[in-house]
Amino acid sequence: MLGDATLQLDGRVRIEQTRMMYRTPAVPLLNVLAAGIAAAAMSGAYPAIVLVGWLAAFVLVAAWRVHLWYGFHRIDAAVDSEYWRHRFVAGAIAMGCLWGLTASVVFVTPDPGYHVFAVFVVGGMTLAAVVSHATYMPAVYGFTLPIIMPMAIVLFAKGDARSVEMALLLLVFSAVLAVAGRSMHRWIESTTRLQIEREQLIARLQSATETLEREISTSHEREETLQAITAALEDQSRSVHLLNGMVQRLQEATTDQELTEIVGGYAPQIVPGRPGVLFLMNNSQNLLTVLASWGDPVGTEMDFPPDNCWALRRSQPHLMPAGGREVRCQHVQPTFSGGYACYPLLGRGGIVGLLYIEADNAAAGQDEGLNAFASNLGLALANYRLREALRVMSLRDPLTGLFNRRYLEETLVLEFGRASRANDGIGVIVGDLDHFKRLNDTHGHDGGDAALRAVAQVLVGNVRKGDIACRHGGEEFVLVLPGATLEQTHERAEELRRTLAQLEVPFHGKLISPITMSIGVAVYPRHGSSPDAVLRQADKAMYQAKQNGRDRVVVAGTFESVSG
C-alpha cells in the first residue's frame with residue numbers, strides 16, 4: 001500500500017510538472033523576437049537569404065510549440081503526460097539547435113565584435129533556458145547543449161588565446177547555470193510534492209471528518225468526541241492554510257525586509273503562544289543573524305556562530321525541556337530556565353538558517369506543525385538565496401563585480417525618466433584605461449585582470465549612495481551621477497583621474513603602475529535628451545581626451561581638457 005501511494009504521488013508530481021511546462025506559449029514567441037533582433041544585429045555578416053531562412057526556421061518551430069500548447073490545454077493533463085513531456089523536450093532541442101547555428105559567425109567574419117555578440121547571445125539564451133525550463137531538466141539540457149557546445153567547439157578550434165578564453169568562460173558560465181538550474185529544479189519538484197501532500201492531507205482530513213460525522217450520531221460522548229476531533233482538524237486545516245499563505249508570499253519575496261515582515265506576521269498565527277526567532281546564515285557560513293522574531297523571546301543571543309547551536313552541529317532538531325538534562329546550546333542565556341527547541345533549516349544540501357522556539361515542554365517542539373513550519377522556511381530561504389544569486393549573475397560583471405552593460409542600459413532609462421519628471425540633471429562619466437594593451441603585453445592577461453579589479457575598487461570607493469558604477473566593456477567604465485551638475489560631474493571625474501594616477505597594483509611581487517584613464521564628461525539635459533545621446537557625447541569626449549594626450553578629462557561639446 002505504501003509503495004502504491006508513493007507511485008501515485010510521483011505520478012501526480014509528473015503531471016503537475018507537465019502543466020507547468022505548458023503554462024504559457026510566450027517562451028517560443030520570445031525566442032522568435034530575440035532571433036529577429038540577433039538577425040538584425042548580424043545582418044552585416046550573413047547574406048540576407050541566410051538570415052531570412054534562419055528566422056523562418058524559428059517561426060516554424062515556434063508555431064509547432066504553440067500548436068502543442070493549444071493541443072495540451074484541450075485535453076486532460078493526466079492523459080499520457082510522457083507524450084507531452086517528450087514533445088516539449090523536442091521543441092527545446094530544436095530551438096537550441098537553431099541558436100547553436102550562431103557559432104558559424106566565427107567562420108563567416110573575422111570581426112571580433114560579431115564573435116562577442118554571438119557569445120553574449122548564447123550566454124543570454126542559456127540563462128533564459130535555465131529560468132524558463134527548470135521544471136524539467138531534460139528540456140534545460142536539450143536547449144542549452146546545442147547552443148553552448150557548437151560555440152565552445154568553434155572557439156576552441158579557432159585556437160587563438162582570446163577565443164580559447166571566451167570558450168572557457170562560456171563553459172564555466174554554462175556549468176554554473178546548470179548547477180543553478182538543477183537546484184531550482186529540485187526546489188520546484190520538492191515544492192510541488194509538498195503541495196500535493198498538503199492537498200492529500202486536507203482531503204484525508206475532510207474524509208475522516210465526514211466518516212466521523214456519519215458514525216457519531218447518537219451518543220453524547222461520541223458527539224463530544226466528534227467536536228474535539230473536528231476542532232483539532234480545523235486547527236490543523238487552519239495551520240495548513242496559514243502555512244500555504246506564508247509559503248506563497250515567501251516565494252515572491254525579493255528583499256530581507258519582506259522576508260522579515262512575512263515571517264513576523266505569520267509565525268505568531270502558525271505557532272501561537274510560542275515566542276521564537278528566525279536566524280539567517282550569512283554567505284560566509286560563520287554567523288547567524290536575526291531575520292525575524294515574534295512573541296518577545298528572551299532566552300537566546302541574537303548573533304552567534306553556528307557551532308554554538310547543537311541543532312546546527314548535528315543537522316537535526318535539538319529539544320531542551322524546562323528543567324531537563326539535555327545539553328544546553330551555547331547561544332541560550334545561562335539565566336534562561338525555560339524550555340526551547342532549535343530546528344536547523346536545510347536547503348540545497350546545506351544549512352541556510354535556524355528556527356528557535358521557546359516552549360516549556362519539550363514535546364511542544366515535536367509536533368508536526370513545527371516540523372512543517374521549519375521545512376517550509378528552509379525551502380523558502382534556499383529559494384530566496386538562489387533567486388538572489390541568479391539576479392546578481394545577470395546584472396554584475398563577473399570579473400570586477402561592477403554592474404554590467406545590461407544593467408546600465410535598463411537603469412539609465414529609469415533614471416532619465418525620473419530626472420525628466422523632477423526637472424533634475426544627471427552626470428555621466430565615461431573612462432577608458434590608457435595603454436591597456438601595453439599593460440596586457442607586459443604583465444599578461446592575469447595582470448590586466450588584476451588592474452581592472454583594482455580600478456573597479458577605486459570606482460566603488462568614489463561613488464555616493466545612489467550613484468551607479470558599471471563596466472561598459474573591455475577596459476571602459478561608466479559612472480552615472482543622478483542629480484549632479486556639470487561642474488560637480490567634472491570635479492568628480494578629476495578626482496577619479498587623480499586617484500587612479502596614484503594607484504599601484506601588486507602583482508606577482510611587482511607593482512603595476514602607472515594606471516591612467518582618459519575621461520569624457522556629459523550631463524543631461526545639456527548634452528542630450530536621451531540616455532544614448534548623453535552616452536555618445538561622453539564617449540566622444542573620452543576619445544577626444546585620448547587624442548589630446550590621454551590622462552585627462554574632456555567635457556562634451558567643449559573639448560577643453562585638463563591633463564595629469
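Net charge near residue 275, counting Lys/Arg +1 and Asp/Glu -1 over other residues with Cβ under 14 Å of its Cβ?
Surrounding charge for residue 275 is -2.
Summing Lys, Arg as +1 and Asp, Glu as -1, what charge do residues with Cβ under 14 Å from the Cβ of residue 451 carry, residue 451 excluded?
Details: positive: 437, 438, 453, 471, 510; negative: 432, 434, 441, 446, 449, 475, 476, 504.
Cβ neighbours under 14 Å give a net charge of -3.
How many percent of DSSP beta bridges within the range 405-563 run antiparallel, rounded to 5?
Percent antiparallel among DSSP bridges in the range 405-563 is about 90.
Expressed as a fraction of 2.2 N^0.38 Å, the rule-of-thumb size for a compact globular protein of N residues, what is the C-alpha radius of gyration of the range 413-564?
The value comes to 1.03.
Give the relative contact order (percent, whole number) for the range 405-563; include only Cα pairs under 8 Å separated by 6+ residues.
Relative CO of the range 405-563 lands at 26 percent.
Taking the Cα atoms of the range 285-359, report the difference between the largest and smallest coordinate on each principal axis, in whole Å and largest first.
Extents along the principal axes: 35, 24, 17 Å.
Less than 11 Å Cβ to Cβ from residue 289, Lys/Arg counted +1 and Asp/Glu -1: what total charge do the surrounding residues give?
Numbers: positive: none; negative: 256, 301, 303.
My count for the surroundings of residue 289 gives -3.
Extent of the range 373-483 along each principal axis, from alpha carbon coordinates, in Å, largest to smallest?
Computed over the Cα atoms, the extents are 59, 44, 21 Å.
How about residue 546: which lysines have a C-alpha closer than 25 Å to its C-alpha, ignoring those fewer than 8 places off in the same chain?
Within reach: 437.
Over the alpha-carbon set of the range 257-392, work out the extent along each principal axis and list the three values in angstrom, largest first.
Principal extents (largest minus smallest coordinate, Cα): 47, 30, 23 Å.
Taking a temperature of 37 °C and a viscosity of 0.692 mPa s, what whole-number D in µm²/s does Stokes-Einstein yield for the range 2-190 with Rh from Kirkwood over alpha carbon pairs?
Reported coefficient: 186 µm²/s.
How do 307-313, 204-210 rank on mean C-beta neighbours within 10 Å, highest first? Intermediate values should be presented prior to the final figure.
Working: 307-313: 18.6, 204-210: 12.7.
The densest-packed peptide leads the list: 307-313, 204-210.
Tell me, what does the Kirkwood hydrodynamic radius of the range 242-332 come to in angstroms if you use every pair of distinct C-alpha atoms?
In the range 242-332 this quantity evaluates to 14.5 Å.
The numbers here are math on the coordinates, done by the rules we state, and not lab data. If you're wondering where the values come from, they're calculated on a predicted model, not measured in any experiment. Methodologically, a virtual Cβ is constructed for each residue, glycine included, from the backbone with ideal geometry; neighbour enumeration extends over all protein chains shown.
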